[in-house]
1. Given axes a ≥ b ≥ c from the Cα gyration tensor, I'd like to know whether the stretch 224-366 is rounded (a/c under 1.5), prolate (a/b larger than b/c) or oblate.
2. Can you give the net charge of the other residues whose Cβ lies under 12 Å from the Cβ of GLN293, counting K and R as +1 and D and E as -1?
3. Among the aspartates and glutamates, which have Cα under 20 Å from the Cα of LYS228 when same-chain residues fewer than 8 positions away are ignored?
4. Hey, with R₀ at 25 Å, roughly what FRET efficiency would ASN268 and VAL310 work out to, going by the Cβ-Cβ distance, to 0.05?
5. Treat each spin label as a single point 7 Å out from the Cα along the C-beta direction, and report the ALA345 to SER108 distance in nm.
6. What are the aspartates and glutamates whose alpha-carbon lies under 13 Å from the alpha-carbon of LYS264, with same-chain residues fewer than 8 places away excluded?
7. Please compute the length gained on full extension between THR44 and ARG369, using 0.36 nm multiplied by the number of residues separating them and subtracting their Cα-Cα distance.
8. Under the Kirkwood approximation applied to all pairs of distinct alpha-carbon atoms, what is the hydrodynamic radius of the stretch 153-428 in Å?
Amino acid sequence: MPRSTVAIALPAPEFNAVHEHLAEAGYEAFSVQSPAEMAALLSTRNDVGVAILDGENDFDATLEMYGMLHEAGREIPALLLMPPRALGRMGLGGRGYVKDEYFTRPYSPESLRWRVEAMLIRVENVPAAAEPEAGSAPDASEPPADSRIGAPQAEMVGKKLGKIIIVFNPKGGVGKTTISINLGASLQINKKQRVLLVDCDTITGHVAPSLGLEHPRTLSSAWRDAAKTGTEETVGEISAVHSSGLSILVLASSPLHTEILEPKRVANAIIGARENFDWVILDMHPDYGPLNQALFEQADRILIPVTPDVPCIRAAVQFREVAIELDIRNRLSVVINRSNSGVAAADVQRVVGIPDIARVRSAGMLFVRAADEGKSAVERFPTSKVVGDIDLLADRLISGSDSASGRRSGASTEGIRGRFRGLFDRLTAQVS
Ligand SMILES: Nc1ncnc2c1ncn2[C@@H]1O[C@H](COP(=O)(O)OP(=O)(O)OP(=O)(O)O)[C@@H](O)[C@H]1O
Ligand SMILES: [Mg+2]
């Protein structure tokens, strides 16, 4: 299948910069300066896979072009440049296609390339209404048949299963909760995915307070209720919904209330949640106890935040060894946190021996300030560079780089790998 082309409605200097990066990735890109030019391009080429539109300049022309992307049986996703003010409000009200994405100025042309690649992988490899083949592994990047935001959940059930992402490092204070919350928020808000964030840290967990949720219902209290009433609720029913749209499930409000949380039962409840969410993100307590082991077994990908200092690197090496024993080594990816400080990122990779899927820079007090207001940094500081880092992590998970060597990789991954060799090679390069 030939590669898709990209229509770009950005001012000439920006077009040139973005075009250069897309050309490097092997994509053809066309500059489109007016609705008439967009109409002409779409009538002569049927391989336009993504359109980059500028919603900051000449909004009427942008709206007209956006309309054309959905005319005549077309359903071309748009990457829309929006003013930062508008970004937080996008996606509300059930409008818009899930496949559309948003970005703001200033942006880096390289980051746009990543996003376009991720969008094209979704467009080209997963037919919108495709049913999973019998026996084949479900793919979280598959868009639901009705991809409009706000479509009834029941319609989604049975059509796809979400992916379970664990965020774990046996060392404390390395950014597990920070990355869990902000990755969840990026996927939910910026990528229009349905996300369940689970606080599995029953000892020092602080997901709910960080998001301003005072006393959310917990899984352990819901199960105690169920034992009395005989009616068991689903994880989706028990979870609280944050103002960002993120669903939040806390396992227990106190370490003394965990006896009902039998590890296999918890793992099964979390597996069940994949029916209603695209991503289930588990923020873990730093230990290797039975609950964590039961959850590791179910993970599609385990992200290990590693800060560039010796104790944390040693902890990651220890986890790699444990993972080999548990036979989950090929699901591990490192996220270098506070990547612009301490030991060089390349040395972290070399010593830990696991490829890094993303680097998150140090952000001073930004995460603390966002948490003070009960928000993720994605909501509170949407244009900050560190949120750009988290968005890239989300893109890389969505684009399927996480499954390149994961246990659910199969024929479809091989197909994608063939077509996007450069992307996969870059993302999965082993560092010896
Ligand atoms: N990239 C970053 N830039 C600035 N501050 C950060 C960054 N990552 C984490 N922090 C801060 O470091 C502290 C510890 O982070 P966090 O609570 O996410 O770690 P953790 O691994 O979940 O800890 P625990 O093991 O106790 O659960 C927090 O105050 C958080 O705001
Ligand atoms: Mg934590």
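1. Numbers: a/c = 2.32, a/b = 1.77, b/c = 1.31.
Prolate is the answer for the stretch 224-366, as a/c is 1.5 or above and a/b outweighs b/c.
2. Values: positive: LYS264; negative: ASP287, GLU297, GLU325, ASP327.
Neighbourhood net charge equals -3.
3. GLU237, GLU259, GLU262
4. Values: r = 39 Å, r/R0 = 1.54.
After rounding to 0.05, the efficiency reads 0.05.
5. Once both label points are built, they end up 0.7 nm from each other.
6. Partners found: GLU297.
7. Details: separation 325, 0.36 × 325 = 117.00 nm, distance 5.04 nm.
Fully extending the segment from THR44 to ARG369 adds 112.0 nm.
8. Details: mean 1/r = 0.0529 Å⁻¹.
Over the stretch 153-428, the inverse of the mean reciprocal pair distance is 18.9 Å.
Values in this text are rule-based calculations from the coordinates and carry no lab data. The structure presented is a predicted model; accordingly, all values stated were derived computationally and were not measured. As a convention, Cβ positions derive from the backbone with ideal geometry for all residues, glycine included, and neighbour counts pool all protein chains shown.
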